[in-house]
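Taking it in order: structure first as structure tokens, then the write-up.
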Amino acid sequence: MVAKNKTGVFITLILLLPIIWPVSCTPAKNMKGVYLGDVTLPPGFAINICATNVENARSLALGDSGTLFVGTRSAGRVYAVLDRNKDARADKVIVIAEGLNMPNGVAFRDGSLYVAEVNRVLRYDNIESRLKKPPKPVIVSNSFPEDLHHGWKFIGFGPDDKLYVPVGAPCNVCERSNEIYSSIIRINPDGGNLEIFAHGVRNTVGFDWHPKTGELWFTDIKFESPLSEAHCTRVEDLSQCPVECKNAVAREIMQAFSPC
């Protein structure tokens with residue numbers, strides 16, 4: 001779906017098949033309809049369906065030429081949604097990859113589409129000019145665990161031009177000796193220089209950077225119970241600290257902030 005403000009600028013909110021997060025996930029395919037009237041919007045905005053036939057849509061990334069790339073979780077596909085006449089309605093939906101391992105996360109940089117599976121990140125070069133015959137993906141990194149529990153990823157490029165990739169907790173409530181779990185990792189665009197940016201993040205399903213301060217804000221799904229909540233949290237730029245300092249300060253910040 002998209003929301004449109006008074007200036008005619010369309011802002012992507014969510015795709016056709018919404019996802020509900022009560023105590024557990026409710027698959028979108030079990031929903032009877034899309035109830036646009038139940039969505040509360042600020043004054044001056046409207047909401048409409050942008051695309052259909054985008055099964056299990058999860059994450060979005062916009063290409064330089066206006067192609068909307070869509071990652072999925074259970075469907076194992078990556079879609080390209082085309083809007084040739086710029087009316088915020090899809091003219092065509094193309095499957096550019098399938099058979100992948102929970103390709104939830106998508107990000108776009110310098111003409112290339114980055115796709116995050118559970119245990120690796122792929123890159124499709126010059127993808128917008130090759131939608132009908134996508135190139136063989138380049139493996140950017142395969143350094144991530146293979147655990148399916150909280151293994152799907154949301155990814156994005158930060159203001160430092162590094163790719164941020166989360167690794168969720170491989171369980172409901174646990175602590176593993178390998179610190180890569182329950183963390184947000186960042187790597188160079190070519191996959192090098194992997195480092196833990198923040199530790200103690202159980203399961204983030206979205207993040208972005210403050211446009212002025214550069215602080216990373218992220219959601220964090222707490223332990224699964226009737227009393228659990230999704231929190232919105234920030235991490236300050238701790239680039240001058242070693243990993244131990246960085247993790248300790250990140251934990252302190254996360255404990256100090258209230259849910260959004």
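The values are calculated or read from the model by the stated rules, or taken from the named source; none is laboratory data. Since the structure is predicted, the reported quantities are computational estimates derived from the model, not experimental observations. Virtual Cβ from ideal backbone geometry, glycine too; neighbours counted across all protein chains shown.
Residues that are more than 18 Å from the chain's Cα centre (by Cα): find the strands (runs of 3 or more DSSP E) completely inside the range 111-168 holding 2 or more of those.
Those strands (runs of 3 or more DSSP E) span 138-141.
Would you check if there is a residue in the range 170-185 being within 18 Å of Y114 (Cα to Cα) and either at pLDDT 85 or above or touching an Asp or Glu at 6+ places or on another chain (Cβ under 7 Å) (or both)?
Yes, that holds for at least one residue.
Select from the range 92-110 the residues that are among the small types (G, A, S), under 13 Å from Y124 (Cβ atoms) and within 15 Å of the chain's Cα centre (by Cα) and list them in ascending order.
Looking only at the range 92-110, we keep the residues that are among the small types (G, A, S), and these are 97, 99, 105, 107.
If we keep only those that are under 13 Å from Y124 (Cβ atoms) too, we end up with 97, 107.
If the condition is that a residue be among the small types (G, A, S), under 13 Å from Y124 (Cβ atoms) and within 15 Å of the chain's Cα centre (by Cα), then A107 is the only one that fits.
Restricted to the range 186-239, and to residues that are part of a loop (DSSP other than H, G, I, E, B) and acidic (D, E), which residue is modelled with the highest pLDDT?
D190
Can you name the condition, by its number, that L15 falls short on among (1) in a loop (DSSP other than H, G, I, E, B); (2) aliphatic (A, V, I, L, M); (3) at pLDDT 85 or above?
(3)
Going by the structure shown, is N172 assigned to a loop (DSSP other than H, G, I, E, B), farther than 15 Å from T204 by Cα and not small (G, A, S)?
no
Return the residues of the range 98-127 that are over 28 Å from S182 (Cβ atoms) and either modelled with pLDDT under 95 or not acidic (D, E) (or both); say none if nothing qualifies.
G99, G111, S112, Y124, N126, I127
What do you reckon, is V39 within 28 Å of V167 (Cα to Cα) and out of contact with any Asp or Glu (no Cβ under 8 Å at 6 or more places or on another chain)?
no
Out of the range 34-89, which residues are of a type in the set (S, T, Y) and either part of a strand (DSSP E or B) or surrounded by fewer than 19 Cβ atoms within 10 Å (Cβ to Cβ) (or both)?
Y35, T40, T52, S59, S65, T72, S74, Y79
(1) surrounded by fewer than 18 Cβ atoms within 10 Å (Cβ to Cβ); (2) closer than 21 Å to D190 by Cα: which one isn't true of K92, the others all being true?
If we test K92 against (1) surrounded by fewer than 18 Cβ atoms within 10 Å (Cβ to Cβ); (2) closer than 21 Å to D190 by Cα, just (2) comes out false.
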